[in-house]
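The values are calculated or read from the model by the stated rules, or taken from the named source; none is laboratory data. A quick note: this is a predicted structure, and the numbers were derived from the prediction, not measured. We place every Cβ from the backbone using ideal geometry, glycine too, and count neighbours over all the protein chains shown. Remember, those area values only see protein heavy atoms, side chains included, never the ligands or the DNA or RNA. Shrake-Rupley method; radii C 1.70, N 1.55, O 1.52, S 1.80 Å.
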Amino acid sequence: MVSSSCISLLDLASGNMMNFSQAPRALPRIMTVPGIISDIDGDGTNDGNSDAPSTVKKIIVSNFLPLNAQKDLKSGKWSFSFDEDSLLLQMKDGFSENTEVVYVGSLRVDVDTSEQEEVSQQLLEEFNCVPTFIPSEIYKNFYHGFCKHHLWPLFHYMLPMCPDHGNRFDRLLWQSYVSTNKIFADKVMEVINSEEDYVWVHDYHLMVLPTFLRKRFNRIKLGFFLHSPFPSSEIYRTLPVRDEILKALLNADLIGFHTFDYARHFLSCCSRMLGLNYESKRGHIGLEYFGRTVYIKILPVGIHMGRVESALNHPSSSIKVKEIQKQFKGKRLVVGVDDMDIFKGISLKLLAMEHLLQQNSGLWGKIVLVQIVNPARSSGKAVQEAKMEAHTITKRINDTFGFPGYEPVVLIDRHVPFCEKTAYFALAECCIVNAVRDGMNLIPYKYIVCRQGTPKMDEALGVASGSRHTSSLVVSEFTGCSPSLSGAIRVNPWDIEAVANALNVAINMPDLEKQLRHEKHYRFVSSHDVAYWARSFMQDLTRACEDHYSKRCWGIGFGLNFRILSLSPSFRKLSNDYIISAYKRTSKRAIFLDYDGTVVAQTSIPKTPSPEVISVLNNLCSDPRNNVFIVSGRGKKSLSDWFAQCENLGIAAEHGYFMRWSGMSDWETRSLAADFDWKNIAEPVMKLYTEATDGSYIETKESALVWHHQDADPDFGSCQAKELLDHLENVLANDPVVVKRGQNIIEVKPQGVTKGFVAEKVLSSMIANGKPPDFVLCIGDDRSDEDMFESMSNTAYGSSLPSAPAIFACTVGQKPSKARYYLDDTVDVLALLQCLADASNSKSSGTETQVSSDNVV
């Protein structure tokens with residue numbers, strides 16, 4: 001089913017936005033072996049350009065290219081140069097020298113349509129850059145519309161509660177966002193040689209780009225890094241296109257975040273909205289998504305040390321230092337550098353400075369806050385109001401606490417060259433970053449390096465060679481850099497008194513403490529620079545893509561719901577035709593079926609079997625060649641009542657503790673010690689967790705206790721289940737029971753009671769009665785069924801049978817399993833069982849001899 005947003009996207013692109021015209025489409029797959037579908041990529045040459053020699057490249061994709069552009073008005077010629085301050089350019093230091101890097105992105109200037117081809121050729125030849133020329137109206141809706149008025153505020157926890165505070169969702173802007181991402185994908189297609197190339201996509205402007213790229217190259221090596229915060233699920237879920245964006249991001253192999261908080265929020269959204277669970281694999285967090293493992297990378301970006309140090313050594317920096325020293329002679333400097341943005345907390349910082357002066361009259365005339373305001377990156381009423389408020393507060397502070405020759409706050413509202421900023425950093429005793437929400441913020445890192453200085457800067461400052469350096473930081477706890485700066489004074493920017501107190505502590509801190517904090521910070525910043533960040537990300541991306549060619553891939557889904565189904569060559573979808581062929585050739589069959597999640601959907605509210613299930617099972621049981629068993633963890637009473645109409649159906653209840661061969665047979669009990677005193681220990685523990693976990697409940701069986709948490713909060717329920725598992729294992733360590741975790745359950749049951757025992761007993765009984773099975777089918781969906789898959793194979797293959805039986809171990813859903821086959825869901829299971837029942841009916845109608853009921857074990 002195509003969502004309304006996808007329909008709109010298809011309309012936008014004259015038919016289908018997901019089709020690429022740059023390369024021929026892959027040949028359709030064919031069935032090469034009964035029951036096995038051939039690889040979507042055929043011989044692995046799904047690159048559209050397999051004959052050309054391929055050079056592995058790193059393709060960096062971002063909204064803007066790392067270029068400066070200027071047009072000579074007289075000659076009309078364009079001139080371009082690399083932007084040395086661009087993170088995209090600086091990250092090349094993390095790659096080997098012989099690595100070819102290609103940049104894909106937009107220019108910050110408009111280029112006339114008639115000049116675009118010439119400019120594209122020039123940028124590719126001279127700078128290895130591929131410009132994306134977006135039509136002006138689409139780009140306006142994309143960048144200034146959807147990115148800046150929807151995603152940026154939302155990712156910074158700002159909701160459009162009313163028209164005066166944010167813009168409501170506009171599907172036209174969303175369509176422009178997707179169209180722009182499609183154009184970026186087209187440009188990547190022009191320069192990618194094969195699926196050996198690595199593609200690294202940056203930031204929230206291009207979050208649906210992974211889907212377009214994965215659609216074209218199923219095995220593309222694709223990483224994504226988000227440079228902004230990722231909001232909590234309560235905020236993110238308000239976005240009408242939340243699922244489309246999450247699914248698009250999951251088409252990457254590696255997704256990077258600055259902090260664990262951002263990654264945790266993303267994982268929580270995947271859990272709550274898509275039902276995906278994650279786990280840590282040898283220190284790496286991974287999400288299982290349709291057979292692929294999408295890895296999560298947590299590493300804050302660093303700065304370019306050489307760039308900062310070269311600015312410190314620049315003559316203009318030394319000159320500026322002397323000017324500032326003269327201007328603020330005898331004053332103690334506190335510096336802040338922020339974009340003019342509503343999230344930077346500039347006004348809150350100024351209010352904290354005002355409170356500091358109010359509470360400490362001894363600081364009048366001795367302390368100065370130099371607040372540098374970078375030009376705003378976006379326009380709007382909110383930005384203008386923030387700017388006006390900052391100037392108003394500054395004037396009030398200076399009027400109240402200033403006097404001739406002294407202004408407590410110096411607000412520099414203009415473009416400030418980097419060399420001038422380094423001069424302020426080098427002189428300031430303290431740096432304050434007071435953002436209410438910020439993805440990363442590298443200002444503290446640059447400040448620390450500037451305070452460390454260089455021999456030339458030390459000379460300009462009049463600092464003796466070999467002197468130990470100091471610095472102090474006041475950092476908002478809502479910035480991405482905060483977790484990595486453990487020596488900083490962390491503050492809540494909204495608590496003005498606390499920020500004022502932190503400033504007071506920072507400037508009055510003993511020199512030795514300042515030295516120790518500074519040295520700790522400098523060791524981290526210097527070792528975790530931008531090169532380290534880029535190198536670490538690419539190493540993890542390489543590792544994440546290692547198994548690309550060890551699996552078979554299928555592209556499924558329409559529009560932005562497209563994803564790749566990736567499976568091991570030994571794990572295949574069970575073909576109805578294949579199993580029916582084996583079914584018809586055999587006459588001594590054993591069929592084992594799990595109940596919940598197999599013949600009845602886990603999400604089904606009524607847990608009783610449907611009339612369709614009863615009918616299919618009765619048809620299968622009516623064939624005397626079949627031995628059909630329902631093997632469930634449910635109690636015997638429920639199963640007896642539900643399947644009362646199926647007289648020939650065998651039932652194993654409570655994972656095989658109780659078992660009967662047909663509706664007319666008595667229940668047999670597993671011959672184990674009937675001591676259930678352990679329940680008196682386990683049940684009170686379970687009750688504690690039930691009372692503390694809303695939505696959970698206890699199921700009491702004759703042989704077991706089960707704690708269910710499927711109706712609890714996904715994150716909290718999973719956390720509580722882990723704690724309960726550890727708790728029960730500790731208190732029951734000396735009892736003859738096992739504590740197991742299943743799908744949304746924790747179960748305590750006697751040792752030796754498994755579904756595998758049921759399969760072993762039925763198959764052994766058939767062999768002992770001279771009717772060794774020649775066909776075995778087992779279908780289940782959770783961990784308890786894995787025992788049945790294993791036992792079934794061991795019993796059938798381990799016995800001295802005249803010929804090996806046809807064994808079909810099948811799990812429901814694509815996930816790691818001991819089963820060789822899978823079916824997608826309960827609908828597929830019932831369809832398969834119906835096909836088998838039809839095959840029995842068609843065969844039995846042509847058979848004159850009716851096998852007696854004594855053949856049924």
- prompt: Are there chymotrypsin sites (Phe, Trp or Tyr not before Pro) in the range 51-104 that DSSP marks as loop and that have at most 10 other Cβ atoms within 10 Å, and which are they?
  reply: none
- prompt: Working out 0.36 nm times the residue gap between Val738 and Ser536, then minus their Cα-Cα distance, what length gain in nm do you get to one decimal?
  reply: 68.5 nm
message: For Tyr822, what accessible surface area do you get with a 1.4 Å probe? Give it in Å², rounded to 10.
response: 10
- line: Between the alpha carbon centres of the range 81-97 and the range 682-698 the gap in Å comes to 55
Using alpha-carbon coordinates, inclination of helix 260-274 to the longest axis of the chain, degrees: 40
query: Over the range 697-808, what is the relative contact order in whole percent, taking alpha-carbon pairs under 8 Å and six or more residues apart?
result: 21
- prompt: the range 691-757: percent of C-alpha pairs farther apart than 15 Å?
  reply: 52
Inter-label distance, nm, simple model (7 Å from Cα along the C-beta direction), Ala692/Ala768: 4.7
message: Between the range 735-794 and the range 608-671, how far is it from one alpha carbon centroid to the other, in angstrom?
response: 15
task: Indicate, rounded to the nearest 5 percent, the antiparallel portion of the DSSP beta bridges found entirely in the range 338-423.
output: 10
field: Label-point gap, in nm, between Lys281 and Thr603 - each point 7 angstrom along Cα→Cβ
entry: 2.6
query: Which FRET efficiency value, to the nearest 0.05, do you get for Gln751 and Ser640 by plugging their Cβ-Cβ distance into 1/(1 + (r/R0)^6) with R0 = 22 Å?
result: 0.30
statement: Of the accessible area of the chain, computed with a 1.4 Å probe and all protein chains kept, carbon and sulfur make up a percent value of 50
message: For a quick check of understanding: with a 1.4 angstrom probe and all protein chains in place, what accessible area in square angstrom does Ile342 have, to the nearest ten?
response: 60
- line: Quick calc, Glu385 & Ile580: beta-carbon distance into FRET formula, R0 51 Å, rounding 0.05, result 0.10
task: Kindly identify the range 519-622 as rounded, prolate or oblate by the Cα gyration tensor criterion: order the square roots of the eigenvalues as a ≥ b ≥ c, call it rounded if a/c is under 1.5, otherwise compare a/b with b/c, prolate if a/b is larger, else oblate.
output: prolate
message: I need to check one value: relative contact order of the chain, counting alpha carbon pairs closer than 8 Å and at least 6 residues apart, in percent.
response: 10
message: Suppose the chain between Ser96 and Phe676 were pulled fully straight at 0.36 nm per residue; how much longer would it get relative to their current alpha carbon spacing?
response: 202.3 nm
query: Kirkwood hydrodynamic radius of the range 659-733 from all distinct Cα pairs, in Å?
result: 14.1
- request: Express as a percent, rounded to the nearest 5, the fraction of DSSP beta bridges in the chain (both residues included) that run antiparallel.
  value: 35
task: Could you rank Glu654, Glu519 by how accessible they are, 1.4 Å probe, largest area first?
output: Glu519, Glu654
task: Could you compute the FRET efficiency for Glu196 and Glu125, with r as their C-beta to C-beta distance and R0 at 22 Å, rounded to 0.05?
output: 0.45
task: Once you've got the Cα coordinates, tell me which of Lys387/Lys456; Lys326/Lys446; Lys446/Lys722; Lys297/Lys687; Lys636/Lys687 are over 31 Å apart.
output: Lys387/Lys456; Lys446/Lys722; Lys297/Lys687
- prompt: Cross-link list Lys607/Lys755; Lys71/Lys182; Lys221/Lys381: which exceed 31 angstrom alpha carbon to alpha carbon?
  reply: Lys221/Lys381
query: Roughly how many whole Å is it from the C-alpha centroid of the range 175-253 to that of the range 134-163?
result: 17
task: Determine, at each q value in 0.13, 0.20, 0.22 (inverse angstroms), the log₁₀ of I(q)/I(0) that the Debye formula gives when each Cα of the range 289-415 is one equal point scatterer.
output: -0.70, -1.19, -1.27
query: Expressed as a fraction of 2.2 N^0.38 Å, the rule-of-thumb size for a compact globular protein of N residues, what is the C-alpha radius of gyration of the range 413-464?
result: 1.27
field: Potential lengthening between Ser622 and Thr400 on full extension [0.36 nm per residue; Cα-Cα distance subtracted]
entry: 70.4 nm
message: Quick check for you: with a 1.4 Å probe and neighbouring chains kept, what is the accessible area per residue of the chain, in Å²?
response: 43
task: Could you tell me the accessible area of Phe757 in Å² (1.4 Å probe, neighbours in place), rounded to the nearest ten?
output: 40
task: Work out how far the C-alpha atoms of the range 172-254 reach from end to end along every principal axis, then list the three figures in whole Å, largest first.
output: 41, 27, 20
- line: Against the 2.2 N^0.38 Å rule of thumb, the C-alpha Rg of the range 557-684 sits at a ratio of 1.35
message: Starting from the 7 Å offset along Cα-to-Cβ, what nm value, one decimal, do you get for the label separation of Asp825 and Trp364?
response: 7.3
- prompt: When the C-alpha atoms of the chain are aligned to their principal axes, what extent does each axis show, in angstrom, from largest down?
  reply: 113, 68, 53
query: Relative contact order of the range 97-238: what whole-number percent is it, with Cα pairs under 8 angstrom and at least 6 residues apart?
result: 23
